[in-house]
Amino acid sequence: PPPVPENPPECTGENTNPVLVPFAFKDINVPTNNLGFFCGKDATELDGECGPGENSEIVYENVGVAEVAGGGATSITLVVRNTNEYKPYQPPPSSSPTEEGANKDGFGNNGILENVGQINLANGQSVNLEFEFQDANNPGVAVAVSGYFCFFDLDTLKTCDEITSKEVTVLPDNNCATSPTTCKIGGPYGRDVVRFPTSQIATDPVIDEYPDILRASTSYVCMDNETLEGETSFWGTKAYLQGADNPGNFEFDNGALKFTSASTNFPQNTYACYDFENKKVLTHTYEVVGEQKGTGRNLVFSALLWICVP
């Protein structure tokens, strides 16, 4: 069996073995999909009636199961909220010319992408997001859980080297010596950047040291925990592949993620996860660095939470 990371739950009684179980977004109920008062897809109880009259959030019901701090397992509902102004890409009226590039549906992408969560953001914008873990059997009640939070398809529309947008940077350097907001030439266009408080990581993060941070052994995702005091950043360096942002099913496997049903052109070295312990809420800032032009990008996310089994 794979080695057990440093921060599994305390498993007692008949269930003494800790295991990590991924969220399963596919086919779950999304009663509210109204982030920033924009009507996303799959809002099963709103029937398209979104806007200021509803909460500014996305609710993913029964998306997973977790061992709760204090003992016992429960089903988990994930609630995502914005805490500052949220500016997704807003498609023009059907009679208007369409923008060039991917993600023309803009905020219509919000909700679920196959088996992961997805949030759209316009190019050149940033948004602060809260991810709250709630007891699915007691709506509105937050519970402290442990596990890994993951981001997928962290890439960029334009790389920072003197190469075409369809080529990739050279491993293992990946321009990681530069910050996520600067380039060797010009400015990056559509670069995915995720920032969060370093204190959310269960132990002091050390790049590529198992198990605090999970990345592919040859990763196109850079990491920095020094430039911004108290913050850790992940950012992409690989030029995007059209339609390649669906990781499918995945599992924890010996200090990394193993993808078992990814789309054929999904870049499996564009993910990053971090270890957290006994958290009710995780905060992340998602930014699409570059000019405010074109359409937008999508934050693709999931989690693996600890449960105890026989």
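Details
- Heavy-atom accessible area with a 1.4 Å probe sorts 10, 132, largest first, into 10, 132.
- Greater than 22 Å apart at Cα, pairs in 41/238; 238/258; 87/279: 41/238; 87/279
The values are calculated or read from the model by the stated rules, or taken from the named source; none is laboratory data. The structure presented is a predicted model; accordingly, all values stated were derived computationally and were not measured. Note: areas computed on protein heavy atoms with side chains; ligands, DNA, RNA excluded. Shrake-Rupley method; radii C 1.70, N 1.55, O 1.52, S 1.80 Å.
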